[in-house]
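A.B. asks: Take this structure, written in structure tokens, and hold onto it; I'll ask about it next.
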Amino acid sequence: MNIRPKKSLGQNFLINPFISEQIVSIIKELNPSSLIEIGPGLGSLTTPLSQLNIPLTLIELDSKIADFWKQKKFSVIEKDALQIDDTQIFESSTLVGNLPYQISSRLVIQSSTHWPVRQMCLMVQKEVADRMTSLHKQKSYGLLSVAAQYAWDIQKKLEVKTSDFHPPPQVEGRILTFKRKNILPVSFLSFLKECFQQKRKILLKKIEKMKILQTPSTPTAYLQHTFDKLNISASARAEELSVDQFVKLYKLCIGDSHGNKNNISQQKSRL
């Protein structure tokens, strides 16, 4: 293909055929009706996936790689996946790929909030995988943990070594599968961002000052009652709350005042 990996695009091509076979087996277990692969690269997944007789669309930013797969008669969207506005292409699909590590967190958030993807099988860096699956009170727990676990049922499937790539990345990878549970409301994501900013600060005091709340100034007494109702200490920090507690706190403080309810139900009906 006369292609050199571009560091600027985070290109680390999977070159271990045994790992490719295992990933394809994991994807087959998801029983997909259509596939979208982000970053086909040299085709370590693309070629075996094309043999499954399932509609396959490729998303590739590198024009040289995109042209190669177009010449092979593949359906290719030559664009940055994070810049795709037409969400219909993702409807009820299964998203797969060896993601460039610098976009993995943003892409999972994007697919949680905006893309009507049914399920995913993604390779992400091990550290990011830990953050997505971390439980509350653990060091790696944060906004990404709550957002990802609210939107998806996440399963760890496979560890991938740096030597399985060319060029070898600095960190190991992990294969995760994601099965849709909920569409993540944008207002919930905004709520989480504010909660986890300076996450060592007392959460109750931070929520009191949030502009996103239903009323300009939510009475302290109401918040204290809400915290008591959810068995949350008045001195709790964001990292101490479970995903379920965050969901209930969001609903009591914000609910569907930002017009998410209909939006979510419409998208869920399509999944």
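The values are calculated or read from the model by the stated rules, or taken from the named source; none is laboratory data. As the structure is a prediction and not an experimental result, all values here were calculated from the model. Don't worry about glycine lacking a Cβ; one is built from the backbone with ideal geometry, like all the others, and counts go over all protein chains shown. In case anyone asks, the SASA skips ligands and DNA or RNA and just uses the protein heavy atoms, side chains included. Shrake-Rupley method; radii C 1.70, N 1.55, O 1.52, S 1.80 Å.
A.B. asks: Taking Cα atoms, how many degrees apart are the long axis of helix 260-270 and the longest axis of the chain, rounded to 10 and kept between 0 and 90?
C.D. replies: 30 degrees
A.B. asks: Given a Förster radius of 25 Å and the C-beta distance between ALA221 and LYS201 as r, what FRET efficiency does 1/(1 + (r/R0)^6) yield to the nearest 0.05?
C.D. replies: Values: r = 20 Å, r/R0 = 0.82.
It comes out at approximately 0.75.
A.B. asks: Here is a follow-up. At 1.4 Å probe size, with no ligands or nucleic acids counted, give the accessible surface of LYS137 in Å², nearest ten.
C.D. replies: Result for LYS137: roughly 150 Å² accessible.
A.B. asks: Shifting gears a bit: Looking only at THR226, THR57, THR177, which one moves most when the chain is put into a Gaussian network model with springs between Cα atoms under 10 Å?
C.D. replies: Highest fluctuation of the listed residues: THR226.
A.B. asks: How would TYR141, TYR101, TYR222 line up by accessible area, probe 1.4 Å, largest first?
C.D. replies: Details: TYR141 5, TYR101 40, TYR222 90 Å².
These residues rank, largest area first, as TYR222, TYR101, TYR141.
A.B. asks: Something else: Straight-line reach from LYS72: which lysines have a Cα under 16 Å away, not including same-chain ones fewer than 8 places off?
C.D. replies: Correct list for LYS72: LYS64.
A.B. asks: Which residue, PRO185, PRO100, PRO167, has the most motion in a Gaussian network model of the chain that connects Cα atoms within less than 10 Å?
C.D. replies: Highest fluctuation of the listed residues: PRO167.
A.B. asks: Still on this structure: Counting only the heavy atoms of the protein chains, how much of HIS114 is accessible to a 1.4 Å probe, in Å² to the nearest 10?
C.D. replies: Around 90 Å² of this residue is reachable by solvent.
A.B. asks: In this model, which of LYS137/LYS157; LYS137/LYS179; LYS229/LYS251 are farther than 19 Å apart at the alpha-carbon? Mind showing how you got there, number by number?
C.D. replies: Working: LYS137/LYS157 24 Å; LYS137/LYS179 24 Å; LYS229/LYS251 13 Å.
Pairs exceeding the cut-off: LYS137/LYS157; LYS137/LYS179.
A.B. asks: 7 Å from Cα along Cα→Cβ at both PHE18 and ASN53: what's the point-to-point distance in nm?
C.D. replies: Taking the simple label geometry, PHE18 and ASN53 are separated by 3.1 nm.
A.B. asks: May I pose another question? Using a 1.4 angstrom probe on the protein heavy atoms only, could you order GLU239, GLU37 from most to least accessible area?
C.D. replies: Values: GLU239 40, GLU37 5 Å².
If we order GLU239, GLU37 from most to least accessible, we get GLU239, GLU37.
A.B. asks: Taking the full set of protein chains and a 1.4 angstrom probe, give the accessible area of GLU127 in square angstrom, rounded to the nearest 10.
C.D. replies: Spelled out: GLU127, probe radius 1.4 Å, area about 110 Å².
A.B. asks: Also: In the chain, what percentage of the DSSP-assigned beta bridges are antiparallel, given to the nearest 5?
C.D. replies: Beta bridges within the chain, antiparallel portion: roughly 55 percent.
A.B. asks: Still on this structure, please answer the following. Using the Karplus curve 6.51 cos²θ - 1.76 cosθ + 1.60 with θ = phi - 60°, what ³J(HN,Hα) values do you get for each residue of the range 132-148, in whole Hz, with x for Gly and Pro?
C.D. replies: Those phi angles translate into 5, 9, 5, 9, 4, 6, 8, 4, 7, 6, x, 3, 4, 4, 5, 4, 5 Hz.
A.B. asks: Can you sort ASP164, ASP130 by 1.4 Å-probe accessible area, starting with the largest?
C.D. replies: Numbers: ASP164 15, ASP130 60 Å².
So, going from the largest accessible area down, we get ASP130, ASP164.
A.B. asks: Compute the long axis of helix 243-253 from its Cα atoms, compare it with the longest principal axis of the Cα atoms of the chain, and write down the angle in degrees, 0 to 90, nearest 10.
C.D. replies: Relative to the chain, helix 243-253 is tipped by roughly 50 degrees.
A.B. asks: Report, by chain and number, residues whose modeled amide H sits under 5 Å from the one on PHE165, excluding near sequence neighbours (fewer than 5 apart, same chain).
C.D. replies: ILE15
A.B. asks: Let me ask you something else. For a label point 7 Å from the Cα of ASP86 along Cα→C-beta, name the residues of the range 115-133 whose backbone N is under 20 Å from it.
C.D. replies: Answer for this model: 115-118.
A.B. asks: With springs only between Cα atoms under 10 Å, which of LYS248, LYS126, LYS72 fluctuates most in a Gaussian network model of the chain?
C.D. replies: Looking only at LYS248, LYS126, LYS72, the largest GNM fluctuation is found for LYS72.
A.B. asks: For the range 74-166, report the convex hull volume of the alpha-carbon atoms normalised per residue, in Å³, without decimals.
C.D. replies: Working: hull volume 11.5 nm³, N = 93.
So the per-residue hull volume is 123 Å³.
A.B. asks: Return the calculated 222 nm mean residue ellipticity for the chain, to the nearest 500 deg cm²/dmol, obtained by summing -39500 (n - 2.57) across DSSP H runs with n ≥ 4 and dividing by the residue count.
C.D. replies: On the way: 11 runs with 103 residues, N = 271.
It comes out at -11000 deg cm²/dmol, rounded to the nearest 500.
A.B. asks: Which entry in (i) 22.8, 69; (ii) 17.9, 64; (iii) 20.3, 66 is this structure's computed Rg and Dmax of the Cα atoms in Å?
C.D. replies: Computing Rg and Dmax of the Cα atoms in Å and matching it to (i) 22.8, 69; (ii) 17.9, 64; (iii) 20.3, 66 gives (iii).
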